Every structure is written in structure tokens, then in C-alpha cells.
1. Criterion first (open to solvent by 60 Å² or more (accessible area, probe 1.4 Å), of a type in the set (Val, Ile, Thr), in contact with a strand residue (DSSP E or B) (Cβ under 7 Å, 6 or more places away or on another chain) and under 30 Å from SER342 (Cα atoms)) does THR133 satisfy it?
2. Mind checking which residues of region 458-486 are in contact (Cβ under 8 Å) with a residue 60 or more places away in the chain, more than 25 Å from ARG304 (Cα to Cα) and out of contact with any helix residue (DSSP H, G or I) (no Cβ under 7 Å at 6 or more places or on another chain)?
3. For region 429-445: of the residues being open to solvent by 20 Å² or more (accessible area, probe 1.4 Å) and in contact (Cβ under 8 Å) with a residue 60 or more places away in the chain, which is nearest to ARG466 (Cα to Cα)?
4. Just to verify a result, which residue in region 32-49, among those that are of a type outside the set (A, V, I, L, M, F, W, C) and open to solvent by less than 40 Å² (accessible area, probe 1.4 Å), is modelled with the lowest pLDDT?
5. Based on this model, can you work out whether ARG401 counts as within 30 Å of VAL440 (Cβ to Cβ), touching a Leu at 6+ places or on another chain (Cβ under 6 Å) and of a type outside the set (Ser, Thr, Tyr)?
6. Looking at region 104-112, can you tell me whether even one residue there is over 18 Å from LYS137 (Cα atoms), open to solvent by 20 Å² or more (accessible area, probe 1.4 Å) and not basic (Lys, Arg)?
7. When you go through GLY393, GLY470, GLY431, GLY419 one by one, which is the residue that is out of contact with any Leu (no Cβ under 8 Å at 6 or more places or on another chain) and among the small types (Gly, Ala, Ser)?
8. Testing GLY355 on (1) more than 38 Å from the chain's Cα centre (by Cα); (2) open to solvent by less than 20 Å² (accessible area, probe 1.4 Å), one condition comes back false. Which one is that?
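The values are calculated or read from the model by the stated rules, or taken from the named source; none is laboratory data. Remember, predicted model here, so these are calculated numbers, not experimental data. Every residue, glycine among them, receives a Cβ derived from its backbone with ideal geometry; neighbour counts consider all protein chains shown. Areas reflect the complete protein model, heavy atoms only, side chains present, ligands, DNA and RNA absent. Shrake-Rupley method; radii C 1.70, N 1.55, O 1.52, S 1.80 Å.
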Amino acid sequence: MRFGIFALLLCLSGSSAWAQKPTIAVLTFGGPRGPAARSAIVQRLTAHYSVLGSAELLAACDRLGIELSRGKNLAAAAREVGAFAVVGGSLKGRSLSLAIYSSHDGQPVHTARLPWRHRSRSAGKRAIEVIETGLAKVPTLPASRPTPTPPAAPTPVSPPQTPPAEQPPPAQPSPAETRRPPALDYSPTGDDTAPTPDAGSETDPLDDPLTTVAADRPKKLDNFREGPRRRRRGPAKMTKVKGTVGFGATMRRFRLNDARSLHRHPTYSSSPAFLLRLAVQAWPVAFFTDNLWSQLFLQVHYQRTLGMSSRIPDANNQLVALGTTISELTFDIGYGIKLGRSSAAPLLDLSAGYGFLNFGVNWGQVTPSIPSTTYRYLNFRGGMRFPFLPYLGAFTSAAYRFVLSSGDIEFATDEYWYGPAKAGALAFDGGLEANFFGVVARLYYGYTRVFTTFTDALNRLNRGARSAGGSLDQYHSFFLALGYQY
């Protein structure tokens, strides 16, 4: 019997403690993933608070005949449902914004923005800490002013009278009225008047309460850094134009091969020659919008040797220096894809275009001993950029070049040169790139390998014409480039 009474008292004390939980209202969070974030936060809040939703506030507004908006109307709706504070939020990307409103005047007492990851305990803990900080700032509602009682008049001396009949006790207020906070003074004179809809603009609804709330952000939330927002023009951190000028060196090695045993063709090898390289890359759509099409880019690069010469024997077997040129021009159109949301996420560039790679010797009066080449090709390229430091990153790319023609090397006579050919090429490059406030510096290495097969080699060999099975043409380039990006 005693145990049953103890259990009953324990249940009653538990229900009483539950009834004493303070009541707050949590609005529907803005953003596509806002409801999921709200559910995770409400699940933690229910341990210490009685949590209401937007539906209860909207129903209270209907009963009061007002619209739900920040200010007096929000305060009146919160008092109507017995909530001493209202929490609003919005989730954009991985940034969660929170605002805590007081039922005293419907104005925010605390706002913050913090990083958010779904199903992250640390993120949920930070959100609860922000809400607790805001709830601690909610002022205590003032008690209703007691009606002043006039002083009692002196009782005149009179004969004894029959005592008056007992009056019934005054009616007790309903539970709903006892939980409702007392009305607040809205007028300067102190008269209690019913709240009216706020005369705000259409840009001040409570579907996204943080759009008009001043940022009262904490200075530091773990590893998340916040600072004053800069006024942005156009897409944030989106490069629109980049141009560089590079100086370096290039080398070429050209070799013919033949299926006949003990037959060797002459090879051509150049020493490093001075190289000038110009490159421009532009994102034209980024000038107008920051949507998916803003990642579409155009790029062109041109490089050419300056002051290069080749020492080739003449008819008297004397070495003479002949002017030589190596040049390359490529046009590409492509699209960039960021593989992640962080600022250090790698970027994938895919592009296609057209170009040519030319090698030529100014023979003058000397009989040509090696063929000139002009490879015209379709370029299919894929590249990666790795911004592993705020001002420093690495880049690399690989391209396959579908060669359309090879130039003079395909000249089809018995004396010059080797007849029709099929060719292809591979190109690789990589290096480091630094960016200091728009000034760009690039350290670059590139390698191009062109392989050619002569399709008429057997017929030319049988009739005694100049012939070769194929050729291998290799180019090595390295340079330092400086430029600017906007």
C-alpha cells in the first residue's frame, strides 16, 4: 500500500515537472533542407522545453484577427499560445541562420549564423547553444498593473444592523487564461490596446524572418570564421577573365623509324630555344549571372620560339645556321565543374577545340634534309585544379589531339617526302599557380608527343622512292608566366 502511494506521488511530481517546462515556438525553417534541420533541433529542445510550431501561431493569429509578422503581432501570437520566445531559422547550403524573438515586443534579441551538417552532433550542439544564449536574453514580461484601491471611508456610528448575506466567491480563471502572459502596454500613456497588423512592407514576412534582422553573430563558433560582409558585385569569387604572358624554353626531338633492318634515318634534336607564350581565358556568362552556365569558358593560347636556329650541313657538308620556328595556337571552349562545396575543393575542366603545331626551317639555298610539319588537330582536353592553399594551387591536364593533317611531311613525290599518313598526338602539362589579389603567377611544364604512321610506305619502298614507316615528334616546354585575373 505504501509503495503504491509512493509511486502515485512520484508520477504526480513528474507530471507537475513536465507542466512546468517553459514554452517556446519554433517556426518552419526556410530553405529546401530547412524542415530537416528544424526537426533535428526540435528533437533536442523537447528535453527542456515545450515546443510549439508555426501552426499554433497561425491559429492564434486567426483568433486575434491579425497577420503573423515581426513586431507586435508576433508578440501577441506568442502570448496567446503561452510561448515566452519564438525561434526562426533558414538553411542555405551549409549555413544555418537562427533568430530568437521575444514575446515582449516581437523583436529579435539574438541572431547568429553557423555551419550546419545534417546528422552532425556538433552542429546540433552549436545550434542549441545559440538558441539557449538567445533565450537567456529574453526579458521577463512585466506583471499586470494592479488596480489601485481607494482608501476606505470612515464607518459612521449607527445602531447594530443585520449582517449582509454572504456573497459567492469570484469565478476562477480558466487554465488557458492563467497560462497567458499579461497584456503589454503599446501606447505611451500606458493604455492596453489590442495589437494591429504591422505596417511593414511585403519584404518583412515571417516565412524568412532573418532577411530583415541585423546580424548579431558570435565572434567565433568553433572553426567557423565570420566577418563583415563585403558588398559583392556580380557572382561571388567568380573569375571572369584571366590573362598571362610567359617566358621560357622549348626543345624538340624528331625521329623517323623504318621496318627495314640496319636502316637508320637521321634524327633532329634542338637545344633549348627561347619561348614566348600568351594565354587568355574568359568566362563570358559570368558577367551577367552566376548560374550553372557561368562555368562555361573560352580559352586561347599561343606560343612561339624567338631567335631559334638549326645547324644543318649544306651541299659541301658544312654546318650552317638556319632560322627555325616552332609555333602553336589552340582555341578551346569548355566547362568547369567544382567537385565539392568547400573553397579547397578541386575543379574539373573539360574542353574541346581546334589548333595547330608548326615546325619549319628557312632553308634558303640549302637542300632540305628534314621535313617541315604542320599538325592541324581537334583538341579534347581534361584538366584538374587543386587550390590546396588560399593563394596557391596546382593544376594538371591531359589532351588527345586528333590530327587532321601533318603538313609537308605528307608531300607525295618520290623525292619529297613520305606520302599519306595517319597521326595522333597526346599532350600533358602541369604546374603551380599563385594568386595574390588578382596577380597571377604560373610555373608550367608541358609535353607533347605526336606519332605518325605513313600508309603508303610499302609501295614507295618497292619503287625506290623515299620511304619511312612512321615518325615520333616530341616537344618539351617549361616557362614562368605572369598575368592578372578579374
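1. yes
2. Residues of region 458-486 in contact (Cβ under 8 Å) with a residue 60 or more places away in the chain: 461, 467-486.
Narrowing further to those that are more than 25 Å from ARG304 (Cα to Cα): 461, 467-470, 486.
Correct list: LEU461, GLY470, TYR486.
3. Filtering region 429-445 for residues that are open to solvent by 20 Å² or more (accessible area, probe 1.4 Å) and in contact (Cβ under 8 Å) with a residue 60 or more places away in the chain, the one nearest to ARG466 (Cα to Cα) comes out as TYR444.
4. Just the residues of region 32-49 that are of a type outside the set (A, V, I, L, M, F, W, C), to begin with: 32-35, 38-39, 43-44, 46, 48-49.
Within this subset, residues satisfying the condition of being open to solvent by less than 40 Å² (accessible area, probe 1.4 Å) are 34, 49.
Details: GLY34: 87, TYR49: 91.
By that ranking, first place goes to GLY34.
5. On the way: within 30 Å of VAL440 (Cβ to Cβ): yes; touching a Leu at 6+ places or on another chain (Cβ under 6 Å): no; of a type outside the set (Ser, Thr, Tyr): yes.
So ARG401 fails the test.
6. First pass over region 104-112, keeping only residues over 18 Å from LYS137 (Cα atoms): none.
Within region 104-112 (the criterion being over 18 Å from LYS137 (Cα atoms), open to solvent by 20 Å² or more (accessible area, probe 1.4 Å) and not basic (Lys, Arg)), the answer is no, since none of the residues qualifies.
7. Details: GLY393 fails: out of contact with any Leu (no Cβ under 8 Å at 6 or more places or on another chain); GLY470 fails: out of contact with any Leu (no Cβ under 8 Å at 6 or more places or on another chain); GLY431 fails: out of contact with any Leu (no Cβ under 8 Å at 6 or more places or on another chain).
Of GLY393, GLY470, GLY431, GLY419, the one residue that is out of contact with any Leu (no Cβ under 8 Å at 6 or more places or on another chain) and among the small types (Gly, Ala, Ser) is GLY419.
8. So GLY355 meets the others, but not (1).
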